[in-house]
Amino acid sequence: MAPLCAIVPQYVLEGIIEKGLAPQPIINRCQSTIEKTKQLQDVREAQGQSIAAVQQQQPSQGIIPPYILESIARNAVTEQQREAARHTLAQRTEHRIAAGRVRHLNRTVYDAQNSRDNPPPRDSILLKEGAKPLSAAEDPTNNANECYIGLGKTYDFYFNFFQQNSFDNKGISLDGFVHAGDLYNAYFDGKQLVFGDGDGVIFNGFTDELDVIGHEFTHGVVQYTSPLPYRYQTGALNESLADAFGTMVKQWGESNPQTADQANWLIGEGIWAAGVNGRALRDMKNPGTAYNDAQVGKDPQPAHWKDFKKLPYSNDQGGVHINSGIPNRAFFLAATMIGGYAWEGAGPIWYRALSSGKLRQDAIFKDFADLTIENAGQHVDKVREAWTLVGYPFSEKRDEL
């Protein structure tokens, strides 16, 4: 079963319940969020299977796979062979870019009206593409405006830097729902992005953090590009990709774009309310240090392979939000070693690895690390070093999927 891609891990909500230090209404909302998430699993599974079936029907662009051409370009005996391979690869790239360069941003933000249904009701549209921002009287929380702007910035990020036209690279509409029941979370359910309301006691709102919207958007990109089952090491890689691209969206989309050295590398900064001892949900620079609070617990992420947590599926789907700290730190290291803006340095390398067509559905950390090294070009030594610093080449043993 393919679990829901939610920004707040279930173990955080369970920790709040188990510790019992939060007010009872908050504990009740945590329990409600967990129950709703479980109810959505079948919906997410069906959507994933539908997309996989469509992808299998897509025609191949060219009989010679790109990895064969890449190998020829690297190892050709004659310059003529090398140039022919490079020319063919360039043509494929130009074709893909030309086919995908038609901008088709189409956003709709709905008021879920505190419904627990999935999908939430669509009878209350707050904003459609091209609409003016809502006034404070129309949207006192500002959640609709934040969702609308965040979806636009994330779309533009992918379109401008990776020629990625929405989730599916075909301009699929972006639907966002705000005020979703008593939900303590933000999630992508395979079709739309859904945001609950914070309470100001444990959680603040979920729409004012651009990296959260970028994170959930990226789950859609992964779903349509290289579907990675959301469990064990493969799921942790899926989560890490969402964090890596989510943080790049934030670094680029802020009023003053940040270089890798200037960024703080926090995921979900500002999600914790003032009374919680935490800086963010995750820290890509220093995994395991994002929060430590009596009501919530301590950030469990490892930063190195030697601390990898082998967990049962019942615990965070085998540690998808936990062990993602390892590839998260690798991306941080690669981005800072390469320098400049992450979306111009490490980002394209990670994107080429993701979209190469060579990322298997049972991919583990080593598989993806190998692909980034293969696609690193002039930065290959820095990318390899970044992975080595977190334990590469890791273990060859694959998780039971």
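Listing for the model above:
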| item | result |
| --- | --- |
| Under Karplus coefficients 6.51, -1.76 and 1.60, residue-wise ³J(HN,Hα) of the range 276-286 in Hz, glycine/proline x | 9, 7, x, 9, 5, 6, 9, 10, 6, 6, 10 |
| Sparsely packed GluC sites (Glu not before Pro) within the range 171-244, loop by DSSP, other Cβ within 10 Å at most 16 | none |
| ³J(HN,Hα), Karplus 6.51/-1.76/1.60, whole Hz, each residue of the range 196-205, x for Gly, Pro | x, 9, x, 10, x, 10, 9, 10, 8, x |
| Residue-span extension gain [residue 344 to residue 102] - 0.36 nm each, minus C-alpha spacing | 85.0 nm |
| Per-bin percent of Cα-Cα distances, the range 193-286 [5 Å] | 3, 13, 21, 22, 20, 15, 5, 1 |
| Enclosed volume per residue, in Å³, of the convex hull spanned by Cα atoms of the range 255-401 | 122 Å³ |
| Cleavage-rule hits (trypsin sites (Lys or Arg not before Pro)) in the range 276-329: DSSP loop, at most 13 neighbouring Cβ within 10 angstrom | 310 |
| Proximal lysines to residue 382, defined as alpha-carbon separation beneath 18 angstrom and excluding residues fewer than eight positions away on the same chain | 285, 366 |
| Low-density loop positions, GluC sites (Glu not before Pro), the range 101-175 - DSSP coil, at most 16 other Cβ in 10 Å | 129, 138 |
| Sequence-distant residues sharing a close amide H with residue 127 (under 5 Å, placed H) | 109 |
| Nonlocal amide H pairs with residue 309, under 5 Å, H built at 1.01 Å | none |
| Residue 170 paired with residue 395, simple spin-label distance in nm, labels 7 Å along Cα-to-beta-carbon | 4.0 nm |
| Residue 21-residue 138 pseudo-label distance in nm [points 7 Å out on the Cα-to-Cβ vector] | 4.3 nm |
| Contour minus Cα-Cα distance for residue 274 and residue 352 (0.36 nm per residue) | 24.2 nm |
| Reachable lysines from residue 132, criterion Cα separation under 30 angstrom, eight or more residues apart if same chain | 153, 170, 191, 250 |
| Net +/- balance of residues flanking residue 131 in space, Cβ distance below 15 Å, scoring K and R +1, D and E -1 | -3 |
| Under the Karplus curve 6.51 cos²θ - 1.76 cosθ + 1.60, θ = phi - 60°, whole-Hz ³J(HN,Hα) for the range 359-369, x wherever Gly or Pro sits | 8, 6, 5, 10, 4, 10, 3, 4, 4, 6, 4 |
| Where labels lie 7 Å past Cα in the beta-carbon direction, separation of residue 201 and residue 361 in nm | 4.4 nm |
| For residue 272, distant residues with modelled amide H under 5 Å away | 204 |
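Where a number appears in this text, it was derived from the coordinates with a stated rule and is not lab data. Everything numeric in this text was worked out from a predicted model, so none of it was measured. Here the Cβ is made from the backbone with ideal geometry for all residues, glycine too, and neighbour counts use every protein chain on show.
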